[in-house]
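This report concerns only the one structure given below.
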Amino acid sequence: MRILIVEDESSIANFIRDGMEEEGFAVDVASNGKDGYSLAIDNIEEYDVILLDWMLPGMSGIEIIRNLRIVNNEIPIILLTAKDSVDDVVFGLESGANDYIRKPFSFEELLARVRVLMRKNETGPVIFTAKDIEMDIEKHTVTHNENHIDLTQKEFALLEYLLRNKGKVCRRTRIIAKVWNIHFDYDNSVIDVYINALRKKLDDHGSPSIITTVRGIGYKIEDEE
C-alpha cells in the first residue's frame, strides 16, 4: 500500500507520514505543488491514495486534482485544508476530490477515511487467499485454517503485495519500492530477511509453502497443489 502526501507544513506532513508508516504504508512526501504533481503523474498507477493540501506553493491542490483527473479518474484523493465553509467543501469535491478533511484533524479519523476510500476503490476482493492462507485486508488479519498468524506491519505489507500479485513474479526492485518506499540502488537483502520470517511463521502454523523464490529475480505466490 502506497500513499502520496503533498503538504507544505512539515510538522503536519511528518505527523501523517509517521502514522501511515506505522500502519504499514509506503509513503512519499512532497512539500510543494509542482513536486507533488510530478510524483503523482510519474507514479499514477502505484498510489493507493493521495493526501493533498489545498494551499500549496507552486501549484494549488485544486489545480493538481483537476490535472490528475484528466489522466486518472479513479485514484482516491483526500483534500487536507483549513478552509471549512460549506462552499469550500462543495468546491473541493466538485473539483474532483473524493473526500475532504478539515485541519486540525486526528490521525485516527484520517486513517479511517483512507481505509474507506481504499475499500471503495478495490477492483478485486478485500480477502486474498493462497492454498489454506487467508488475508482479510479490512480486519488486518492473516489466518491458516482459521488459526490466526501474528505478523508485524511490514510482514503484513509484504505478504499483501505478494498476494495481490498472486501467480506473478514480483521483482525485488518492485518489492523494495512498493513495500519499503525505496527508489534507488539499495542493498535489498532486507527482503530476504522478511521473506524468511514470513515463511517461518507460515510453516510454524502448518501452512503449505506458498512463497517461491525466483532465483536472481524475486518471489511469487504459488497457489497450485
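The values are calculated or read from the model by the stated rules, or taken from the named source; none is laboratory data. Please read all numbers here as calculations on a predicted model, not as lab measurements. Note: ideal-geometry Cβ built from the backbone for every residue, glycine included; neighbour counts use all protein chains shown.
Residue by residue, here is whether (1) more than 30 Å from Asp203 (Cβ to Cβ); (2) surrounded by fewer than 16 Cβ atoms within 10 Å (Cβ to Cβ); (3) at pLDDT below 90 holds:
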residue	(1), (2), (3)
Leu39	yes, no, no
Asn43	yes, yes, yes
Tyr47	yes, no, yes
Met59	yes, no, no
Tyr100	yes, no, no
Ser106	yes, yes, no
Val114	yes, no, no
Arg119	yes, yes, yes
Val126	no, yes, yes
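Per-residue answers, yes or no, for (1) closer than 21 Å to Trp180 by Cβ; (2) touching a residue at least 40 places away in the same chain (Cβ under 8 Å); (3) not charged (D, E, K, R):
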position	(1), (2), (3)
Asp42	yes, no, no
Asp53	no, yes, no
Pro76	no, yes, yes
Ala82	no, no, yes
(request) Quick one: in region 22-37, of everything that is out of contact with any Phe, Trp or Tyr (no Cβ under 7 Å at 6 or more places or on another chain) and in contact (Cβ under 8 Å) with a residue 60 or more places away in the chain, which residue is surrounded by the fewest Cβ atoms within 10 Å (Cβ to Cβ)? (result) Glu22
(request) Kindly establish whether Asp84 is modelled with pLDDT under 95, closer than 22 Å to Ala13 by Cβ, exposed (fewer than 12 other Cβ atoms within 10 Å of the Cβ) and not aromatic (Phe, Trp, Tyr). (result) yes
(message) Filter region 152-180 down to the residues that are in a loop (DSSP other than H, G, I, E, B) and under 11 Å from Gly24 (Cα atoms) and list them by number.
(response) Thr152
